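Undergrad: Okay, here's the structure, questions in a sec.
The values are calculated or read from the model by the stated rules, or taken from the named source; none is laboratory data. As the structure is a prediction and not an experimental result, all values here were calculated from the model. In this analysis, Cβ positions are derived from the backbone assuming ideal geometry, glycine residues included, and neighbour counts consider all displayed protein chains. Please note that ligands, DNA and RNA were not included when accessible areas were found on the heavy atoms of the full protein model with its side chains. Shrake-Rupley method; radii C 1.70, N 1.55, O 1.52, S 1.80 Å.
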Amino acid sequence: MTGPLKVALLGCGTVGSAVLRLVDEQAADLAARVGRAVEVVGVAVRRPDRHPEVPAGLLTTDAHGLVTRDDVDLVVEVIGGIEPARSLILAAIESGKSVVSANKALLAEDGVALHAAAAKAGVDLYYEASVAGAIPLLRPLRESLAGDQIRRVVGIVNGTTNYILSRMAETGAGFSEALAEATELGYAEADPTADVDGFDAAAKAAILASLAFHTAVTAADVHREGISSVTATDVARAAEIGCTVKLLAICERVAGRPDEAEGDTVAVRVHPAMIPTSHPLAAVGGAFNAVFVEAEAAGQLMFYGQGAGGEPTASAVLGDLVAVARNRVAGAAGAGPSAYAELPARPIAETPTRYHVSLDVADVPGVLATVATEFARHEVSIATVRQDGYGDAATLVIVTHSAPDAALSATIAALREVPAVRGVTSVLRVEGLS
Ligand SMILES: NC(=O)c1ccc[n+]([C@@H]2O[C@H](COP(=O)([O-])OP(=O)(O)OC[C@H]3O[C@@H](n4cnc5c(N)ncnc54)[C@H](O)[C@@H]3O)[C@@H](O)[C@H]2O)c1
Ligand SMILES: N[C@@H](CCO)C(=O)O
Ligand code: NA
């Protein structure tokens, strides 16, 4: 065995501090698995006085100087955000270092340029921790399923929102109340925008879709809706039809119609949806993540586990670190992801979805026919209708068949104008119903 492979660690927060500790604790095993020792030789932080746990000789505020040091072989970026992470990763790649990152925001925004830089420099860029934390998901998509055709990837990829929705279902609480509890318990960050408004899940969806469909998909291609408008009524209505509400990331390959020139497209969306309680994703509670993959030959696969937290995320970072270190020992970089398919992004308006709609209506003759006419006028087929009458009012609960999302939203807008419809009390998309 020759000398150790030298690692620069960028950022020493929740994930970085766990990486540093695990590399130290598992030094002997890592050396045996890689074929050379792996040693952290520098840790870039903003405030060295805040890191008494890190040997002082390792700390530096000069991240750029650290990643371009001649003796550094591998760089782990766990700072997060776009800049300076992007410039640091590019500087590392251009000076011949392989990079491991947990940064979903950056990979979803600029993955193409980063991969191109890595390919040009002949180095690795791995980022298993960026999606669904500890759960092995990107490597299975990139390697194990490389011979199959993936049709669909559907998952719960944000723990914070899953915790909030789980609490709403368990306690009947509204969104604000459940968010306050999640913040108090440390699940939600002080600024929960990235989680609650779906930005975090959309970045992860873009990364998953890129790998699943061999196509460059960025966060801007993802239709994104968060959970702040999910109400206690939505959650109660879901329960009444045997469903639960989850924030889903859905990546689909939509077949082009044979009668049209259009070929296959990729539809990627993040939004709350009702799913049947019998669906495997319905059982994913609290801050856990789970992802369903449907492939032509493999059929259905499910990946489940801890999608966040220092140690679980560090496990994925260390897995990547071992992979890039092994490649370094072998003197070769691994193959990067391919984007040869170049499938166009399908707008949400043209993506087939199904809706659940609850309406308060006047219980007068003909109201059901009037409501049904609006669906028919927009070419939306109704799957089920339930009417509960009380006094001169009634509730209509409608679940549609699948139709272009624009037709469904136009139907809802039209229903709001129907005099007999006193209120549209709940509208959510539905997934996973047979
Ligand atoms: N925490 C999780 O559960 C989790 C899960 C999956 C992925 N991630 C990703 O891992 C990355 C890190 O997340 P985290 O939770 O550890 O964040 P964190 O905020 O706890 O840590 C980031 C650290 O980077 C430091 N930093 C910021 N700018 C810096 C700079 N210019 N130079 C050096 N250090 C700098 C900060 O001071 C902080 O200590 C992010 O990309 C995040 O999306 C986190
Ligand atoms: N904020 C993210 C962390 C993991 O990426 C979540 O709640 O899932
Ligand atoms: Na992962």
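Undergrad: What are the lysines whose alpha-carbon lies under 29 Å from the alpha-carbon of Lys204, with same-chain residues fewer than 8 places away excluded?
TA: Lys97, Lys104, Lys120, Lys246
Undergrad: Cβ neighbours within 10 Å, averaged per peptide: list 120-126, 72-78 in order, most packed at the top.
TA: Ranking, from highest mean packing down: 72-78, 120-126.
Undergrad: With a probe of 1.4 Å, find how much accessible area the chain has per residue, and write the answer as a whole number in Å².
TA: Value for the chain: 42 Å² per residue.
Undergrad: Toward the positive end of the charge dipole of the range 58-217, about the Cα centre and with charges on Cβ (Lys, Arg +1; Asp, Glu -1), which of Leu59, Tyr187, Val123 goes farthest?
TA: About the Cα centre, the residue reaching furthest to the positive side is Val123.
Undergrad: Given Cα positions, please report Rg to Rh for the range 138-306, the hydrodynamic radius being the Kirkwood one.
TA: We get a ratio of 1.00 for the range 138-306.
Undergrad: Something else about it: Highest mean first, how do 392-401, 43-52 rank when packing is the count of other Cβ atoms within 10 Å averaged over residues? If you can, show how the numbers build up before the last one.
TA: Numbers: 392-401: 17.6, 43-52: 15.5.
In descending order of packing, they fall as 392-401, 43-52.
Undergrad: Per residue of the range 50-62, what does 6.51 cos²θ - 1.76 cosθ + 1.60 with θ = phi - 60° give for ³J(HN,Hα)? Whole Hz please, x for Gly and Pro, Karplus curve as stated.
TA: Running phi through 6.51 cos²θ - 1.76 cosθ + 1.60 with θ = phi - 60° gives 8, 10, x, 6, 9, x, 4, x, 8, 6, 8, 9, 9 Hz.
Undergrad: Hey, what's the Kirkwood Rh for the range 2-90 if you take every pair of different alpha carbons, in angstrom?
TA: Across the range 2-90, the inverse of the average 1/r is 13.3 Å.
Undergrad: In whole Å and largest first, what semi-axes does the C-alpha gyration tensor of the chain yield when each eigenvalue is scaled by 5 and square-rooted?
TA: Largest first, the chain gives 46, 24, 17 Å.
Undergrad: How are the Cα pair distances of the range 252-383 distributed, in percent, across 5 Å bins from 0?
TA: Once binned at 5 Å, the Cα pair distances of the range 252-383 give 2, 6, 9, 11, 14, 15, 14, 10, 7, 5, 3, 2, 1, 1, 0, 0.
Undergrad: Here is a further query. Using θ = phi - 60° and the Karplus curve 6.51 cos²θ - 1.76 cosθ + 1.60, what whole-Hz ³J(HN,Hα) does each residue of the range 334-344 get, with Gly and Pro shown as x?
TA: After applying 6.51 cos²θ - 1.76 cosθ + 1.60, I find x, 6, x, x, 9, 10, 5, 6, 6, 6, x Hz.
Undergrad: Counting Lys and Arg as +1 and Asp and Glu as -1, each charge on the Cβ, what is the dipole of the range 349-430 about the Cα centre in debye, to the nearest 20?
TA: My answer is approximately 140 debye.
Undergrad: Sticking with this one: Per residue of the chain, what 222 nm ellipticity follows from adding -39500 (n - 2.57) for every DSSP H run with n ≥ 4, rounded to the nearest 500?
TA: Only helices count here, giving -10500 deg cm²/dmol.
Undergrad: Report the net charge of residues surrounding Gly389, where surrounding means a beta-carbon distance below 14 angstrom and charges are Lys +1, Arg +1, Asp -1, Glu -1.
TA: -2
Undergrad: Rounded to the nearest whole Å³, what is the per residue volume of the convex hull around the Cα atoms of the range 349-430? Walk me through the numbers on the way to the answer.
TA: Numbers: hull volume 6.0 nm³, N = 82.
Looking at the range 349-430, the number lands at 73 Å³ per residue.
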